[in-house]
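The structure appears right after this line, and notes come after that.
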């Protein structure tokens, strides 16, 4: 077996690993390694189409890896203490902005996504609750019987949000026991908050870090 063959098998093994890995950062790192190996393989064998493909994939994988790490830094910075969104959801978050006074969702709307607050704060109008950064909102609607929002959420200032779809949340819920337990605790804490007194007075979620409807 020649060096050329060994490099080809090594690249193929790395590609196989990308289909096995479940965490996005490891997947991107291995994908980058496979791109480098296949570029060397294509150069040795004068395989121009393969070289062009992996020269294009290399910066793409590098950029996606940087994006994921940036989102992780945002999650860590926004959630200073207590329970926060697991980093498991970070690769699936899509960053969006909402402006002061703009509704994120209204009570009765279909619960088709969950939001993570990177920056800013949100008021849940029915319970008059202020949700600070580092929290998830929209979880309870997904698990409600009607799959609709159980409260309305309005931005108190300009807010940066991470959005993840209902289908992806449910997929992670069933696939990952730790994430499932996290969501169950979140819903239980929300139920306890619903039974708290003084609905006419606004109060912020500070001591209990949770995600709500």
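Each value in this text was obtained by applying a stated rule to the coordinates, not by laboratory testing. Everything quoted here is computed from the prediction, not taken from an experiment. Virtual Cβ from ideal backbone geometry, glycine too; neighbours counted across all protein chains shown.
Quick rundown of the values:
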quantity: DSSP bridge pairs, region 87-204: antiparallel proportion in percent, nearest 5; calculated: 90 percent
quantity: Order of 178, 151 - criterion: other Cβ atoms within 10 Å of each residue's Cβ, fewest first; calculated: 178, 151
quantity: Full-extension gain in nm, residue 102 to residue 130, via 0.36 nm per residue minus C-alpha separation; calculated: 8.6 nm
quantity: Exposure proxy order (Cβ contacts within 10 Å, fewest to most) of 137, 130; calculated: 130, 137
quantity: Contour minus Cα-Cα distance for residue 15 and residue 178 (0.36 nm per residue); calculated: 55.9 nm
quantity: Among 138-149, 56-67, the order from most to least packed when residues are scored by Cβ within 10 Å on average; calculated: 138-149, 56-67
quantity: Burial ranking of peptide ranges 100-112, 26-38 (average Cβ count within 10 Å, highest at the top); calculated: 26-38, 100-112
quantity: In nm, spacing of pseudo-spin labels at residue 88 and residue 144 (7 Å Cα→C-beta vector); calculated: 2.4 nm
quantity: Inter-part distance where region 139-169 and region 104-133 are each reduced to a Cα centre, Å; calculated: 6 Å
quantity: Gain on full stretching of the segment that runs from residue 63 to residue 2 - 0.36 nm per residue minus C-alpha separation; calculated: 18.6 nm
